[in-house]
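**Q** Below is the structure I would like to discuss, written out as structure tokens.
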Amino acid sequence: MKQTILLIAGYPGTGKTYLANLIRKEIPELQILSPDKFKEKNWDLYGFKDLEEKERLNQKSWDEYFTSMEECFKQKNSIISDYPFSNKQKKIIGALADFYEYQIITIRLTADLDVLFSRQGNRDRDGTRNLGHIVKSYHKEDRQQKHAKADNLLTYDEFIHRCTTRGYNDFHLGKLYEIDVSDFAKVDYIEIINSIRKQMEK
């Protein structure tokens, strides 16, 4: 198979991680590389007392993510990565892929923003989600705190502003597949996986 980096991009709440796990199950040679896993590791390890400290940890996490990506490229491992990617990450991912001669495929998930706001709220209040995503200060021992009482949950207006100004729905590198996931029941995941497999075999 062609050495590939597969980016699962799009708005928050579109099921990017779910799709990444489905694809990884069917194409196991893809190595998962998740920006959120680096962030959550550092939040748990160091904690943050305010949003400024959180942003510094997030930048450290991105540095680690890109370092790990380059190591995968050096070892000729294909990668799958899910995140609401934007122009902030586009240049460096593109440059690394060009340098190591990797094919890039982007699956960009889109949906009605009102539907996504509802999904996002449900996810943010799900006790399995790392609390660091939705609070202004965090330490690992805080994890028993009720998610519904978190102090940095997005309002509807904040969510819509974030989705319409950060370029989530414009991002892509390489071959683009755009999929509407407003109704998960109508998404043909098997067709998506087969299309990706064929693209990787070209």
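**Q** Inside segment 157-202, can you point out the residues that are among the hydroxyl-bearing types (Ser, Thr, Tyr), in a helix (DSSP H, G or I) and surrounded by 14 or more Cβ atoms within 10 Å (Cβ to Cβ)?
**A** If the condition is that a residue be among the hydroxyl-bearing types (Ser, Thr, Tyr), in a helix (DSSP H, G or I) and surrounded by 14 or more Cβ atoms within 10 Å (Cβ to Cβ), then 189, 195 are the ones that fit.
**Q** Just checking, how many residues over segment 112-154 are of a type outside the set (A, V, I, L, M), under 21 Å from residue 86 (Cα atoms) and not in a helix (DSSP H, G or I)?
**A** 1
**Q** Where residues in segment 60-81 are assigned to a helix (DSSP H, G or I) and of a type in the set (Gly, Ala, Ser), which of them is farthest from residue 199 (Cα to Cα)?
**A** 61
**Q** A further question follows. Tally the residues that are on the phi < 0 side of the Ramachandran plot and loosely packed, with under 11 Cβ neighbours inside 10 Å, restricting the search to segment 76-86.
**A** Adding up the residues that qualify gives 0.
**Q** Just to be sure before I move on: is residue 120 farther than 22 Å from residue 196 by Cα and surrounded by 14 or more Cβ atoms within 10 Å (Cβ to Cβ) in the structure I sent?
**A** Here the answer is yes, as residue 120 does meet what is asked.
**Q** Applying the selection to segment 25-36, what residues are crowded, with 16+ Cβ neighbours inside 10 Å and in a helix (DSSP H, G or I)?
**A** 35, 36
**Q** Let me ask you something else. Could you tell me whether any residue of segment 49-57 is modelled with pLDDT of 95 or more and within 19 Å of residue 175 (Cβ to Cβ)?
**A** No: zero hits.
**Q** Another question, if that's okay. For segment 96-125, give me each residue that is touching a strand residue (DSSP E or B) at 6+ places or on another chain (Cβ under 8 Å) and of a type in the set (S, T, N, Q).
**A** 103, 106, 110
**Q** Name every residue in segment 115-147 that is among the aliphatic types (A, V, I, L, M) and closer than 18 Å to residue 57 by Cα, in order of residue number.
**A** Listed by number, the residues that qualify are 131, 134, 135.
**Q** Cβ-Cβ below 7 Å, separation at least six or inter-chain, first residue in segment 22-47 and farther than 17 Å from residue 107 by Cα, second surrounded by 14 or more Cβ atoms within 10 Å (Cβ to Cβ) and small (Gly, Ala, Ser): which pairs?
**A** Cβ pairs passing all conditions: 29/78; 38/61; 39/61; 40/132; 42/61; 43/132.
**Q** Moving on. Write out, first by first residue and then by second, each pair whose Cβ atoms fall under 9 Å of each other, whose residues are 6+ apart or on separate chains, and whose first residue, in segment 105-119, is touching a residue at least 24 places away in the same chain (Cβ under 8 Å) and closer than 13 Å to residue 10 by Cα while the second is among the basic types (Lys, Arg) and crowded, with 20+ Cβ neighbours inside 10 Å.
**A** 107/16; 109/16
**Q** Could we say that residue 89 is within 21 Å of residue 177 (Cα to Cα), crowded, with 17+ Cβ neighbours inside 10 Å and polar (S, T, N, Q) here?
**A** So residue 89 fits the description; yes.
The values are calculated or read from the model by the stated rules, or taken from the named source; none is laboratory data. This structure is a prediction, so every number in the text was calculated from the model and none was measured. FYI the Cβ positions are ideal-geometry reconstructions off the backbone, even for glycines, and counts take in every protein chain you see.
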